[in-house]
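Below: one structure, written as structure tokens.
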Amino acid sequence: MKRLVTAAVMREMDRTAIEGRGIAGADLMENAGAGAAAVILEHFDVEDGRLVVVLCGKGNNGGDGFVIARHLKQAGATPVALLLGARIDEVRGDAAGAMHAWSEAGGETRAVTDSGALRTARPLIAEADLLVDAMLGTGAIGAPRGLLEDAVDTVNAVDVPVVAVDIPSGLDADTGAVPGACVIAALTATLALPKRGLYLYPGREFVGHLAVVDIGIPEEILDGPADQPLLVEPRDCILRLPDREPEMHKGDRGHLLVVGGSAGLTGAVALAAEAAVRAGAGKVTAGVPLSLLDVMEVKLTEAMVLGLPELDVRALSQAAFDRVMLFDPGRLTALAVGPGAGRHRSTRSLFRRILEEIHVPTVLDADGIHAFAGAADLLRTAAAGEDLILTPHLGEFCTLTGMAKEDVLADRFDAVRGWAKRLDAVIVLKGAPTLIAEPDGVTVYLNPTGSEALATGGSGDVLTGLIAGFLAQGVAPVDAAVAGVYVHGMIADFICETWNSPYGLKAGDLIEAFTPALADLLD
């Protein structure tokens, strides 16, 4: 996993590498430009003399651009560097050294110091086969202004692919905010580590394909600080999947009980149960109101069904506790509580008692979370302890915690981290992107998979089933959450790529596509 860093943390890492390890800033810049050029050559066919216009600012981001131009020229492209908002003699430091090396290699730099010069340069920009945005780096604050704003608008107005260096100019590296004009990149070559803003909306829409470039900062520097979120990568998911051994039988793969369902909401518990079966749980049972037993028998084939005491409104009664408590004692390996259960007071009492008394790894979702609205601290003493996973979306998180939505959105990392520690539970805060927080109050994971295609009823129930299915097989709670969230989004991405469209996905498609999508991941 890679850290997702703020601009300030990245600057401190650069400083530590330069001052603490004696690595020259010019060497880091050379590595950055050479690595970014390699990424460009991997994705774009420009070696045969194609025109590449590199738009450079006067700071270090521009210095990276000059190094890129030199390496592209050496590879056979025809780069031209445009220096935005400064005269050539105003460039300082390592950037000046990079510009000088570019000139020594026979490169051409044109200073664009005013709007007239930019108008003159527009035909060249429009004729390019590729544009490289090295105008503003992570240190820029606020929206581009004046000439730089016009330059961003010019870049976006032409039908030429753009590669952004480190971050698209105009995007806030920490928050993903886009306060004004922002380069729309086809590819972003970010340096050393990905920045938070590259994965947070609305900025994520401007990034295009993201590649991380090694610039030579030692790994031990890049590993800290611990409070910087971790980006989940394919290998991280694969390593967290349940073990598969040749001599296993279904009893070795756990038994999950999904407690939920009510009149009109049987689909939620059915989807959760089916997803858990697909995730590999050896046995899955759906515990539902007794009068819904026949309906669930039709809906479910591979999963079993358990009828539980109910109310007149065909919702679970608090009297169901004894039946749940005595179900498969000693062999039940996980619980999923809440899908489609409704919000009757008696059902709420049932869920509170289950969480208080049944010591089994548990996923609490949907109406199970609502059962603790205004009483979140009851979860601190849940019998599951640190084996408890909560899976709220933003609205459910606010209902549970009492936080205002705007306060959560102001810093979702801090909000989910703080409440995971307070409740001593793993929290999966669903959204774009989804965050997973450990109970230690420090570690937060950001999941990069998934898209707007998941914005459909039942997709959250499938996620509950996947996480619970992994949990039932003995996967540690945080690992089950990380793997479940990644696989859930990855399946949606696989479907959209297969269909070449984000339209039409329904929750059941995620279950059907689990096997081919996972095979693609493992491959």
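The values are calculated or read from the model by the stated rules, or taken from the named source; none is laboratory data. It should be emphasised that the depicted structure is a prediction, and the values quoted were computed from it without experimental measurement. Here the Cβ is made from the backbone with ideal geometry for all residues, glycine too, and neighbour counts use every protein chain on show.
There is no residue in the range 193-216 that is within 30 Å of Ala415 (Cα to Cα), surrounded by 14 or more Cβ atoms within 10 Å (Cβ to Cβ) and not assigned by TED's automatic domain parsing to the domain that holds Ala177.
Scanning the range 42-60 for residues that are under 23 Å from Thr120 (Cα atoms), under 35 Å from the mean Cα position of the chain (by Cα) and free of Cβ contacts under 8 Å to residues at least 60 places away in the same chain turns up just one, Lys58.
Rundown of residues vs (1) at pLDDT 95 or above; (2) buried (at least 23 other Cβ atoms within 10 Å of the Cβ); (3) within 19 Å of Val5 (Cβ to Cβ), yes/no style:
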| residue | (1), (2), (3) |
| --- | --- |
| Leu435 | yes, no, yes |
| Thr443 | yes, no, yes |
| Pro448 | yes, no, yes |
| Thr456 | yes, no, no |
| Ala468 | yes, yes, no |
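Name the single residue, out of those in the range 66-79 being part of a helix (DSSP H, G or I) and hydrophobic (A, V, I, L, M, F, W, C), that is surrounded by the fewest Cβ atoms within 10 Å (Cβ to Cβ). Going through the qualifying residues, I end up with Leu72.
The rows are residues; the columns are (1) surrounded by fewer than 14 Cβ atoms within 10 Å (Cβ to Cβ); (2) assigned to a loop (DSSP other than H, G, I, E, B).
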{"position": "Arg235", "(1), (2)": "yes, no"}
{"position": "Leu241", "(1), (2)": "no, yes"}
{"position": "Pro246", "(1), (2)": "yes, yes"}
{"position": "Ser262", "(1), (2)": "no, yes"}
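The residue of the range 419-432 that is farthest from Gly176 (Cα to Cα), among those that are touching a helix residue (DSSP H, G or I) at 6+ places or on another chain (Cβ under 9 Å) and surrounded by fewer than 21 Cβ atoms within 10 Å (Cβ to Cβ), is Asp424. None of Leu306, Leu257 is within 14 Å of Ala472 (Cα to Cα) and assigned to a strand (DSSP E or B) except Leu257.
When each of Gly203, Gly287, Gly208 is tested for being modelled with pLDDT of 95 or more and on the phi > 0 side of the Ramachandran plot, the lone residue that passes is Gly208. Scan the range 121-137 for residues that are in contact with a Lys or Arg (Cβ under 6 Å, 6 or more places away or on another chain) and buried (at least 21 other Cβ atoms within 10 Å of the Cβ) and the total you get is 0.
Matching residues to (1) in contact (Cβ under 8 Å) with a residue 12 or more places away in the chain; (2) of a type outside the set (D, E, K, R); (3) surrounded by 21 or more Cβ atoms within 10 Å (Cβ to Cβ):
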position: Ala373; (1), (2), (3): yes, yes, no
position: Gly385; (1), (2), (3): yes, yes, no
position: Ile389; (1), (2), (3): yes, yes, yes
position: Leu400; (1), (2), (3): yes, yes, yes
position: Asp411; (1), (2), (3): no, no, no
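For Gly63, state whether it is assigned by TED's automatic domain parsing to the domain that holds Ala126, closer than 18 Å to Gly107 by Cβ, more than 29 Å from the chain's Cα centre (by Cα) and in a helix (DSSP H, G or I). Yes, satisfied.
Number of residues in the range 274-291 that are surrounded by fewer than 24 Cβ atoms within 10 Å (Cβ to Cβ) and of a type outside the set (A, V, I, L, M): the value is 6. All of (1) surrounded by 19 or more Cβ atoms within 10 Å (Cβ to Cβ); (2) over 28 Å from Asp48 (Cα atoms); (3) in contact with a Gly (Cβ under 6 Å, 6 or more places away or on another chain) hold for Asp166 with one exception: (2).
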